[in-house]
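Student: After the structure tokens below, expect a handful of questions from me.
The values are calculated or read from the model by the stated rules, or taken from the named source; none is laboratory data. Keep in mind it's a predicted model, so treat the numbers as computed, not measured. FYI the Cβ positions are ideal-geometry reconstructions off the backbone, even for glycines, and counts take in every protein chain you see. All accessible areas refer to the heavy atoms of the entire protein, side chains included, with ligands and DNA or RNA removed. Shrake-Rupley method; radii C 1.70, N 1.55, O 1.52, S 1.80 Å.
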Amino acid sequence: MPHLNPDIYASPPIGKLMADEDRVLGPLLARCTGDHGLHLTASAQAGVPALPLLGHWATVKVAGAVLGGDVHASGLEALPFADDAFGVVLLRHALETTARQDNLLDEAIRVLAPGGMLAITGIHPVGLWSPWLARRSQGTRPRLTWPWWWSQRLVRDDFELAMPRRVGSPWPRASGSPFAESLLGGGYLLLARKKRPAAVPLRPRPVAVPAPMSGSLASGARRNARQTL
């Protein structure tokens, strides 16, 4: 019987999958800017892509109804960040481990600045990873979701969406040559940009201006003219 890992996202195979995700994420997010990025992750050990134009990352581990890492809060409440605070929000398998998937995605959208990039990674529900998770997980199993489900949500929320990508090895493994994109990859990657609010063009509006009383204006003008002379 295989050993049950109490934190499946700290296991070597998923660590390898996340490293493969980084190989694809880095170039795609390289031009993202902002003072801060938000890393919502299922594993506190997972690193973040090195983005040269981004200032700093805040990392929050998502485990059911608990948030840890750089902040400690309830996962059933709003994220403790201001609106439009981050230039990049990376959901690294976090939608698989949160107690409230839709709420976490709503919060990620809220704290993402207009024009910012939202990235979602997850384990694809079709393939050899799903039965491996079922055998190795202890307690609550991760909730695997089709990437098209999140695509539909983001389109409805007026995001500019890129096609989902399959990444990583088709089967769980802890070593071996690195993988990037693969048609049978065990993980998926979804990128979407938050649209900026549409600018409302300002049109000059003609306003009727009443003409002054011709008698007084003309008379005053003549008097001023005579006084000047």
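Student: Mind listing the long-range amide H neighbours of residue 69? Cut-off is under 5 Å, sequence gap 5 or more, other chains count too, H placed in the peptide plane at 1.01 Å from N.
Tutor: 61
Student: Rg and Dmax of the stretch 9-49 over Cα atoms: what are they, in angstrom?
Tutor: 11.3, 32
Student: To two decimal places, what compactness ratio does the stretch 1-114 give when its Cα radius of gyration is scaled by 2.2 N^0.38 Å?
Tutor: 1.07
Student: Another question, then. Mind checking the per residue accessible area of the stretch 74-189 for me, 1.4 Å probe, whole number of Å²?
Tutor: 46 Å²
Student: Rounded to whole Å, give me the distance from the Cα center of the stretch 126-170 to that of the stretch 67-95.
Tutor: About 19 Å separates the Cα centre of the stretch 126-170 from the one of the stretch 67-95.
Student: Something else: Could you look at the stretch 1-128 and say what percent of its accessible area is carbon and sulfur, using a 1.4 Å probe and all protein chains?
Tutor: That share works out to 57 percent.
Student: Based on the inverse mean of 1/r over its pairs of different Cα atoms, what is the Kirkwood hydrodynamic radius of the stretch 104-192, in Å?
Tutor: Kirkwood radius, the stretch 104-192: 14.4 Å.
Student: Summing +1 for each Lys or Arg and -1 for each Asp or Glu, what net charge is found among the other residues whose Cβ lies under 12 Å from the Cβ of residue 113?
Tutor: +2
Student: Output ³J(HN,Hα) for the stretch 177-193: one whole-Hz value per residue in order, computed from phi by the Karplus curve 6.51 cos²θ - 1.76 cosθ + 1.60 with θ = phi - 60°, and x for Gly and Pro.
Tutor: 5, x, 10, 10, 7, 7, 4, 10, x, x, x, 9, 9, 10, 10, 8, 10
Student: Moving on to the next point. Give me the accessible area of residue 66, 1.4 Å probe, in Å² rounded to the nearest 10.
Tutor: Only protein atoms counted, so the area is about 90 Å².
Student: From the backbone phi of the stretch 37-52, what are the Karplus-calculated ³J(HN,Hα) couplings (6.51 cos²θ - 1.76 cosθ + 1.60, θ = phi - 60°) in whole Hz, Gly and Pro given as x?
Tutor: These are the phi-based 3J(HN,Hα) values: x, 10, 10, 9, 9, 7, 10, 5, 7, 5, x, 10, x, 7, 10, x Hz.
Student: Give the residue from 154, 108, 130 lying farthest towards the positive end of the charge dipole for the stretch 86-157; charges sit on Cβ (+1 for Lys and Arg, -1 for Asp and Glu) and the dipole is referred to the Cα centre.
Tutor: 130
Student: Run down the aspartates and glutamates and flag those whose C-alpha is under 19 Å from the C-alpha of residue 16, throwing out any fewer than 8 positions away in its chain.
Tutor: 7, 96, 181
Student: Treating the beta-carbon of each Lys and Arg as +1 and of each Asp and Glu as -1, no other charges, what is the dipole magnitude of the stretch 14-171 about its Cα centre, to the nearest 20 debye?
Tutor: Rounded to the nearest 20 debye, it is 780 debye.
Student: According to a simple spin-label model (label point 7 Å from Cα along Cα-to-Cβ), what is the distance in nm between residue 162 and residue 71?
Tutor: Simple spin-label model gives 2.6 nm for this pair.
Student: Determine how large the accessible area of residue 35 is when every protein chain is in place; take a 1.4 Å probe and give Å² rounded to the nearest 10.
Tutor: Spelled out: residue 35, probe radius 1.4 Å, area about 120 Å².
Student: Can I ask one more? Compare 36, 93, 56, 72 by solvent-accessible area with a 1.4 Å probe and give them largest first, with all protein chains kept in place.
Tutor: Descending accessible area places them as 72, 56, 36, 93.
Student: Starting from the Cα-Cα distance between residue 102 and residue 53, subtract it from 0.36 nm times their residue separation and give me the gain in nm to one decimal.
Tutor: Result for the pair: 14.7 nm of gain on full extension.
Student: Keeping all protein chains in position, work out how much accessible area residue 140 exposes to a 1.4 Å probe, and write it in Å² to the nearest 10.
Tutor: Residue 140 has an accessible surface of roughly 130 Å² with all protein chains in place.
Student: Quick one: what are the phi-derived ³J(HN,Hα) couplings along the stretch 68-76, Karplus 6.51/-1.76/1.60 with θ = phi - 60°, whole Hz, x for glycine and proline?
Tutor: x, x, 6, 9, 10, 7, 7, x, 9
Student: Among 121, 48, 12, whose Cα projects farthest towards the positive end of the dipole of the stretch 1-122, with charges put on the beta-carbon of Lys, Arg (+1) and Asp, Glu (-1)?
Tutor: Result: 12, furthest along the dipole toward the positive end.
Student: Out of every Cα pair in the stretch 29-176, what percent are spaced more than 27 Å from each other?
Tutor: I get 21 percent for the Cα pairs in the stretch 29-176 exceeding 27 Å.
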